[in-house]
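Every read-out reported here was derived from the displayed coordinates using simple, explicitly stated rules and does not represent laboratory data. Quantities reported herein were computed from a predicted structural model and do not represent experimental measurements. Because the Cβ atoms are built from the backbone with ideal geometry, glycine has one as well, and the counts that use them run over all protein chains shown.
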Amino acid sequence: MDDPTCKYRLTMNQFIDDTFTFSAAGSHTTHITATYIMWAIYKDREVLQRLYDEIKTIEAAGLEITVDELRKLPYFEAMITEGLRLYTTIAGSIPRVVPKGGRQLGPHFLPEDTGILSPIYAIHHNTDLFQDPFSFKPERWMDATKEMRDAIVAFGGPGRPCPGQNLAMFELRLILAFLISRCPDLEPAESCTKECMQLTELLLLFPKGGKCEFRKRGYKV
Ligand code: HEM
């Protein structure tokens, strides 16, 4: 803010406003996504084992677990994409206005200035693209089509997508990789029922029970 060579100078109010916006937009989105993906992984021992084995190949090669190394793991990347598809925390719509001259969308002509909304949750559960769309299946991304990849709009649409998506992906990769490789013997606790984890909309999607608890595998209270 005090750098005189900087072209874009923020006032204190803009700085405070940006800080608030980025904290609000960047915290719950990422932690809820990570929570749901954790739940999905720790419920399924086969998926967990496959991820664990894949992540361990990094350390077996004498390397550190970094985002660059994680990005090379096909199943791990597939798991994150599937998590973003199924547990997209912003389920609502991407608002856009049709540009000058209007646009043809399939059989429909949309006049300029028309407000349109693209529903993220519905796109991510489109049965034309995703068989069994309510199931967590990372393997569906191992040989995904371009249409499937184009349909993932968890971070919004073209033109003005989420500015925090790189940070969010960075966080998701590291959080999940360290959890899986350091704590492979967790499982969802009794309190973590299907009903508790039901997606509930409150601006963002949340677990209905407001929590997601884990315990050491086999631990009895
Ligand atoms: C998994 C995590 C996240 C998801 C699923 C997500 C999703 C989205 C979506 C769908 C939009 C609307 C984009 C559009 O209209 O096309 C958006 C906007 C936004 N996101 Fe994220 N986001 C995430 C993480 C973050 C993080 C980490 C930050 C910042 C640190 C952030 C900051 C913002 C801001 C400031 C906007 C408004 C941008 C604008 O209006 O131009 N988000 N996000």
Taking max minus min of the Cα coordinates of segment 1-57 on each principal axis, largest first, gives extents in Å of 55, 25, 11
Using a Förster distance of 41 Å, the FRET efficiency for Arg96-Lys216 (Cβ separation, nearest 0.05): 0.30
State the volume of the convex hull built on the alpha-carbon positions of the chain, expressed per residue in Å³ and rounded to an integer. 193 Å³
State the percent of C-alpha pairs, over all pairs in segment 112-157, separated by a distance greater than 16 angstrom. 42 percent
For segment 90-185, what is Rg from Cα atoms divided by 2.2 N^0.38 Å, rounded to two decimals? 1.37
So what is Rg over Rh here for segment 43-157, counting just Cα atoms and using Kirkwood for Rh? 1.11
Given Cβ point charges of +1 (Lys, Arg) and -1 (Asp, Glu) and nothing else, what value in debye, to the nearest 20, does the dipole of the chain about its Cα centre take? 220 debye
Rounded to one decimal in Å, the inverse mean reciprocal Cα-Cα distance for segment 1-106, i.e. its Kirkwood radius, is 18.1 Å
What FRET efficiency, computed as 1/(1 + (r/R0)^6) with R0 = 25 Å and r the Cβ-Cβ distance, is obtained for Glu195 and Lys43, rounded to the nearest 0.05? 0.95
Relative to the longest principal Cα axis of the chain, at what angle does helix 45-60 sit, 0 to 90 degrees, rounded to 10? 90 degrees
Given only helices, namely DSSP H runs of n ≥ 4 each adding -39500 (n - 2.57), what is the per-residue ellipticity at 222 nm of the chain, to the nearest 500 deg cm²/dmol? -13500 deg cm²/dmol
Could you tell me which residue out of Ile90, Leu205, Phe76 lies farthest along the dipole of the chain toward its positive end? Charges go on the beta carbon: Lys and Arg +1, Asp and Glu -1, centred on the Cα centre. Leu205
Taking all pairs of distinct alpha-carbon atoms in segment 138-221, Kirkwood radius in angstrom: 16.0 Å
Please give every one of the lysines within straight-line cross-link reach of Lys146, meaning a C-alpha to C-alpha distance under 30 Å, and leave out same-chain neighbours fewer than 8 residues apart. Lys43, Lys56, Lys72, Lys100, Lys137
Once you charge only the Cβ atoms, +1 for Lys and Arg and -1 for Asp and Glu, what is the size of the charge dipole of segment 109-221 about its Cα centre, to the nearest 20 debye? 640 debye
At R0 = 45 Å, how high is the FRET efficiency between Cys6 and Ser118 if r is their beta carbon distance? Nearest 0.05 is fine. 0.80
